[in-house]
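The values are calculated or read from the model by the stated rules, or taken from the named source; none is laboratory data. Since the model is a prediction, treat every value here as computed from it, not as a measurement. Counting neighbours? That spans all protein chains shown, and the Cβs are built from the backbone with ideal geometry, glycine included.
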Amino acid sequence: MVSEEIEKKASVFHVEDANSVDLVENKESLLEKARQGSENEHELGFRKAVVHHKKAIFWAMVMSATIIMEGYDTSLMSSFYAYPSFKEKYGVRTGDGTYELEGRWQVALGCASSVGTFFGVLANGYLTERFGHRRVIMGSLIVMSAFIFIPFFAPSISVLLVGQVMCGLPWGVFATMGPSYSSEVCPLSLRGYLTAYVNMCWAIGQFVAAGVLKALVANSTHWGYRIPFAIQWVWPIPLFVLTYLAPDSPWWLVRKGRIEDAEKAVKRLSSKTVANEAKDRVALMIHTNSLEVEQENENSADFKGWKSYVQCFQGTNLRRTEIVCLTFSGQIWSGSSFAYSPTYFFSQAGLNPQDTYKLNLGVTGVAFTGCIVSWFLLSRFGRRTIYVTGYSILTATLLLIGILSFPAQSHSGAKWAQAGLTLVWVATYSSTIGPLAFTIVSEMSATRLRAQTIALARDAYNLTSIISRVVEPYLINPGELNLKGKTAFVWLGTALVVLTWSFFRLPETRNRTYEELDLLFARRISARRFGKYDLTSESVIGIDVETRKVDE
């Protein structure tokens, strides 16, 4: 149970610059506005939200679009390994006169951007809270434009490796900025859709990369691999202009004590019809910020700057950090490095190499469609339900792929069945845990530690990704263990662990305001009771609130 001290302090409001808070004129007025803001959030339906908050949708999509670049490049580099012009430039000559990229360089290039992304993500957790989303994105776009020159002109594979690491730094910023900004500018009824959209941006980037590679696969000159690098210069300029015009997150402005600016930002994010509700929304933000300040004060002294990461591992924030890190890294433990690219199984089944790139394009199309399907699922089911159910299907699919590896040794039909199951896996992943991980991670963190918590979650994903990129080639390559389809059994083991964890530890966040989530975590409600817990008897912003229930 939450301590009585927090209960008593729940109606005391804190901001970092109290002198600038015109809204906080008297406690009773602010409590009433916060109560009304909470009611407005819950009563706002999807259709009305789309009509009155089109600007919030637009700006959330703009900020998330930066992730397209990361999705583009991560798909690009691994596909270059089979490019004749790329292999001739950076590979070594083999006995039959052809060129191949050495295995050690394949692993190094595959992990290089993740290494850069790891440090970029950590930096973003600090920079965003200090300078705000807009300025950090604009700075990162400038840095990104400069770093692209390194891989574009790389005279050797070692320079190319350095270029990938350096490009990973701004990609780390982009990877965490989209879900953070979207979760703070969108109303409750749109929050899940716009944070899940981040995963679609990944799919769009992969789709563009697949199309570019297919168009240039026959180009035997150095432009065959340089043009794909150069295309990355297309995005920064329009994104920089749009980001400059975008409003700052009102939550960030509240944390900085800029209440008047926060109210203006809320008005910019909504239509004039609901502009009168801006004070109520900002009051709710102030109240939520107050609750989190009190919980921070109970845990420890106030940490600033880089030290704010320490707070992610204290008190109720420790549980939140556990949830976001395992939810995000669970994408890798589900076997994505094995099953997300079904080209191996189709080539084993007899598909010619020329059609492999066509298949790759089709797979990204399936992933894109899966993101759209996830929106329909979000409208009917809770986050926990979709994640756990999706993970169950992925685990079962891995089991079937592994079992079929035995008859596949002598029957081509079993190979085609394995290939088909990988498409089922991709479709399931792209409509469940792929997009839902972004939604869950964005909603689960405390608002004051959102940038830092998402950064930790993303780096948990990055570390897991590096491990899988090193292990997966060793498991499947003919010159190593050569497990082929039996590799599915390895990832089946990790998937079962995460599936079990998610059933017992992953709470439901659907239809909960950030204030309500703070109270539920403070009361240490179990994951399976989270969605249906009755807050009617609990004091929330000084009054009783309606019970919120979610399908489990």
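The table for this structure:
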{"item": "Sole exception among (1) β-branched (Val, Ile, Thr); (2) assigned by TED's automatic domain parsing to the domain that holds residue 52; (3) farther than 19 Å from residue 137 by Cα for residue 237, by number", "result": "(3)"}
{"item": "Helices (runs of 4 or more DSSP H) wholly inside the stretch 44-96 that include at least 1 residues being under 23 Å from residue 137 (Cα atoms)", "result": "54-64, 67-80"}
{"item": "Index of the failed condition, residue 409 passing every other in (1) surrounded by fewer than 19 Cβ atoms within 10 Å (Cβ to Cβ); (2) in contact (Cβ under 8 Å) with a residue 60 or more places away in the chain; (3) under 28 Å from residue 476 (Cβ atoms)", "result": "(2)"}
{"item": "Pairs where the first residue, in the stretch 258-276, is within 11 Å of residue 55 (Cα to Cα) and in contact (Cβ under 8 Å) with a residue 12 or more places away in the chain and the second is among the acidic types (Asp, Glu) and part of a helix (DSSP H, G or I), C-beta under 9 Å, 6+ apart", "result": "266/277; 270/277"}
{"item": "Residue that is under 30 Å from residue 285 (Cα atoms), touching a Ser or Thr at 6+ places or on another chain (Cβ under 8 Å) and either in the same structural domain as residue 502 (by TED's automatic domain parsing) or outside any helix (DSSP H, G or I) (or both), where the choices are 385, 439, 464, 397", "result": "439"}
{"item": "Some residue of the stretch 144-157 being touching a residue at least 12 places away in the same chain (Cβ under 8 Å) and under 26 Å from residue 435 (Cα atoms)", "result": "yes"}
{"item": "Qualifying positions in the stretch 523-552 - among the small types (Gly, Ala, Ser) and modelled with pLDDT of 90 or more", "result": "526, 527"}
{"item": "Residue list for the stretch 201-245, restricted to those being touching a residue at least 60 places away in the same chain (Cβ under 8 Å), over 27 Å from residue 434 (Cα atoms) and either assigned to a loop (DSSP other than H, G, I, E, B) or among the basic types (Lys, Arg) (or both)", "result": "217, 219, 220, 221, 222, 226"}
{"item": "Any chance residue 175 is more than 21 Å from residue 81 (Cα to Cα) and either buried (at least 24 other Cβ atoms within 10 Å of the Cβ) or assigned by TED's automatic domain parsing to the domain that holds residue 386 (or both)", "result": "yes"}
{"item": "Boolean, residue 421 is over 23 Å from the mean Cα position of the chain (by Cα) and among the hydrophobic types (A, V, I, L, M, F, W, C)", "result": "yes"}
{"item": "Looking only at the stretch 128-157, and only at residues there that are within 16 Å of residue 451 (Cβ to Cβ) and surrounded by fewer than 20 Cβ atoms within 10 Å (Cβ to Cβ), the one that is modelled with the lowest pLDDT", "result": "130"}
{"item": "Some residue of the stretch 61-73 being free of Cβ contacts under 8 Å to residues at least 40 places away in the same chain and either in the same structural domain as residue 168 (by TED's automatic domain parsing) or surrounded by fewer than 16 Cβ atoms within 10 Å (Cβ to Cβ) (or both)", "result": "no"}
{"item": "Residue ID - modelled with the lowest pLDDT, chosen from residues in the stretch 348-363 that are surrounded by fewer than 22 Cβ atoms within 10 Å (Cβ to Cβ), in contact with a helix residue (DSSP H, G or I) (Cβ under 6 Å, 6 or more places away or on another chain) and of a type in the set (S, T, N, Q)", "result": "348"}
{"item": "Among (1) under 30 Å from residue 269 (Cβ atoms); (2) buried (at least 17 other Cβ atoms within 10 Å of the Cβ); (3) in contact with a Pro (Cβ under 9 Å, 6 or more places away or on another chain) - the single one residue 55 does not satisfy", "result": "(2)"}
{"item": "Long-range neighbours under 7 Å by Cβ, at least six apart or interchain, first residue over 16 Å from residue 33 (Cβ atoms) within the stretch 283-303, second modelled with pLDDT of 80 or more and small (Gly, Ala, Ser)", "result": "292/446; 295/315; 295/522; 298/315; 299/315"}
{"item": "Residues (within 17 Å of residue 333 (Cβ to Cβ) and small (Gly, Ala, Ser)) located in the stretch 457-481", "result": "457, 460, 465, 468"}
{"item": "Residues of the stretch 442-461 classified as hydroxyl-bearing (Ser, Thr, Tyr), in a helix (DSSP H, G or I) and farther than 17 Å from residue 337 by Cβ, total", "result": "3"}
{"item": "So residue 458, is it out of contact with any Phe, Trp or Tyr (no Cβ under 9 Å at 6 or more places or on another chain), buried (at least 22 other Cβ atoms within 10 Å of the Cβ) and at negative phi", "result": "no"}
{"item": "Residues that are within 14 Å of residue 107 (Cα to Cα) and either aromatic (Phe, Trp, Tyr) or surrounded by 15 or more Cβ atoms within 10 Å (Cβ to Cβ) (or both), drawn from the stretch 468-488", "result": "468, 469, 471, 472, 473, 474, 475, 476"}
{"item": "Selected residue (only one of 370, 420, 413, 402 is touching a Lys or Arg at 6+ places or on another chain (Cβ under 7 Å), modelled with pLDDT under 95, in a helix (DSSP H, G or I) and not polar (S, T, N, Q))", "result": "402"}
{"item": "Inter-residue pairs, beta-carbon under 8 Å, first in a helix (DSSP H, G or I) and in the stretch 470-492, second surrounded by 17 or more Cβ atoms within 10 Å (Cβ to Cβ) and charged (D, E, K, R), 6+ apart", "result": "476/484; 487/472"}
